[in-house]
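Structure record follows, encoded as structure tokens.
We did not get these values from a lab; they are worked out from the coordinates using the rules stated. Just so it is clear, the model here is predicted, and its values are computed rather than measured. Cβ: placed from backbone, ideal geometry, glycine included. Neighbour counts: every protein chain shown.
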Amino acid sequence: MNNTNENNKLIAKFMELPTEIMGAKEVVYGMNHDDWYTADNLNYHLSWDWLMPVIEKIENNERYDVNIVQYGTMILDNQKEIISNIADISFDTKIEHTYDTIVKFIKYYNTIK
């Protein structure tokens, strides 16, 4: 399984979406619990519709702010930068650097909770 699939599964777990085994595949239920997805068709890395609820969940914890700018994304913990994905010159799209930052944050968050 590729790294993107693993990272998308990490995000789905952070979002507390239920999973189960159907046949030989693990599936994740979507936000409305009617749709289900395998790891290879989770779209957090491709769609703002998928990624924005993750950002909202992070920011619902009043400690954290997610700042998305043209050339990067950073996450603050009580106004102190904890995760940063800012480059002087970047060829990544906003969703790419935001997705990468979200994955780094979730890995960090999982170590402190």
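Values for this structure:
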item: Estimated inter-spin distance, Leu10 and Lys94, nm [label 7 Å along Cα→Cβ]; result: 2.4 nm
item: Cα-based Rg and Dmax for region 3-112, where Dmax is the largest Cα-Cα distance (Å); result: 14.4, 47
item: Size of electric dipole in the chain: Cβ of Lys, Arg +1 and of Asp, Glu -1, about Cα centre, debye, nearest 20; result: 320 debye
item: Sum of -39500 (n - 2.57) over DSSP H runs of 4+, divided by residues of the chain (222 nm, nearest 500); result: -12500 deg cm²/dmol
item: The chain: relative contact order in percent, alpha carbon pairs under 8 Å with at least 6 residues between; result: 19 percent
item: Highest to lowest packing among 49-55, 15-21, 96-102, scored as the average C-beta count within 10 Å; result: 96-102, 49-55, 15-21
item: Nitroxide proxy distance, nm - points 7 Å out along Cα→Cβ at Ile21 and Val69; result: 4.8 nm
item: C-alpha long axis of helix 3-14 to longest principal axis of the chain, angle in °; result: 90 degrees
